[in-house]
Amino acid sequence: MLETLNSASGSVSDSSSWRLKIFCVVLLIMAIWELMLPRRRQPAHRGSRWTAHAGLVLLGSLASRLISPAGALGFAWFAERQQWGLLNIFHIPSWAGIPATILLLDLGIYFQHRWMHSMPGLWRFHRMHHSDTHLDVTSGVRFHPVEMAVSMGLKGVMILVLGASATGVFLFEILLNATSLFNHSNARLPGGIDRILRWIIVTPDFHRVHHSANPKETDSNFGFNLAIWDRIFGTYCAQPALGHDELQVGLEEFRKPEDQRLSSLLLQPWKSEPSGSLDRK
């Protein structure tokens with residue numbers, strides 16, 4: 001298994017190919033799931049949203065490549081060659097280094113997400129993700145290209161400091177993409193299964209609270225993959241005050257149909273004040 005993963009993460013083309021294939025499979029599964037078993041009512045016409053989100057994926061990928069042409073794996077390969085980072089300095093074996101990489105990078109992403117909400121300059125770009133008035137699987141890829149570039153840079157710093165395992169980074173990137181599609185989806189999970197899963201991973205109901213129009217609920221449930229960080233650091237909100245059926249998602253200042261066009265989304269950080277989080281700074 002590890003030989004296969006190491007081979008897959010051994011070149012940019014191979015790793016990108018694997019990630020794209022898995023991404024497409026998860027996207028298809030979640031799209032079918034939310035179509036067959038929707039959690040909440042969805043708008044009748046979703047084509048324009050999906051087109052805009054596809055454009056954001058393309059531009060975000062290009063922006064990330066400007067920071068690191070080899071992606072996050074490039075930082076891991078560089079750290080390994082230079083023997084930088086904690087895991088390399090202390091010669092942590094791969095059987096421990098791989099899970100440590102996944103766990104610690106997930107913790108780092110949790111705090112990065114909180115910074116995106118707490119720093120007005122970063123919130124200007126991250127709020128575009130929150131301005132989506134309807135959540136579905138494509139909301140999981142709705143990020144401003146500038147935010148994608150910043151995220152790649154911050155992730156690179158984390159990888160270099162940690163000396164993250166290349167295989168661990170490869171697996172983490174796949175998990176991060178897959179869980180983002182899953183927890184932003186409109187897929188219905190039975191209540192009992194959701195209550196069990198949310199002790200381990202971020203479920204759609206878990207993450208939907210984070211997209212509430214209520215600022216206090218927006219600033220909760222920051223986890224993307226593992227659910228433990230919100231519980232540990234006191235940012236967990238079990239359910240929205242209005243319940244999931246009546247919950248209003250999105251930001252009040254961006255509810256017009258034209259606000260959801262690709263051109264408007266790209267220009268949104270420079271429109272109005274960066275309100276929407278932490279007492280609407």
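Nothing in this text is a laboratory measurement; each read-out follows from the coordinates by a stated rule. In this text the structure is predicted, and so the values were computed from the model without any measurement. Cβ coordinates were reconstructed from backbone atoms using ideal geometry, including for glycine residues, and neighbour counts include every protein chain displayed.
Data for the structure
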quantity	calculated
Lysine-lysine proximity count for the chain, Cα under 26 Å, sequence distance 8 or more or distinct chains	8
Farthest positive-ward along segment 14-270 dipole, Cα basis, beta-carbon charges - from G74, A213, W33	W33
Check: the chain dipole with +1 on Lys, Arg Cβ and -1 on Asp, Glu Cβ, in debye	320
Helix runs (DSSP H) in the chain reaching 30 Å along axis by Cα, Kyte-Doolittle at least 0.0	12-36, 47-67, 94-118
Overall Cα dimensions of the chain - principal axes, largest extent first, Å	52, 43, 34
Exposed-loop-free span, longest in the chain, where chymotrypsin sites (Phe, Trp or Tyr not before Pro) count as exposed if DSSP calls them loop and at most 16 other C-beta atoms lie within 10 Å	91-198
The chain: relative contact order in percent, alpha carbon pairs under 8 Å with at least 6 residues between	26
Choice from I200, I174, I67 showing the highest fluctuation, given a GNM over the chain with Cα pairs closer than 10 Å	I200
Dipole of the chain, positive direction: furthest Cα of S185, L171, I92, with charges on the beta-carbon	S185
Dipole axis of the chain (+1 Lys, Arg; -1 Asp, Glu on Cβ), positive-most option in F222, V161, L59	L59
Prolate/oblate/rounded label for segment 153-277 (Cα gyration tensor, a/c 1.5)	oblate
Trypsin sites (Lys or Arg not before Pro) within segment 35-108: DSSP coil, no more than 15 neighbouring Cβ in 10 Å	R41, R46
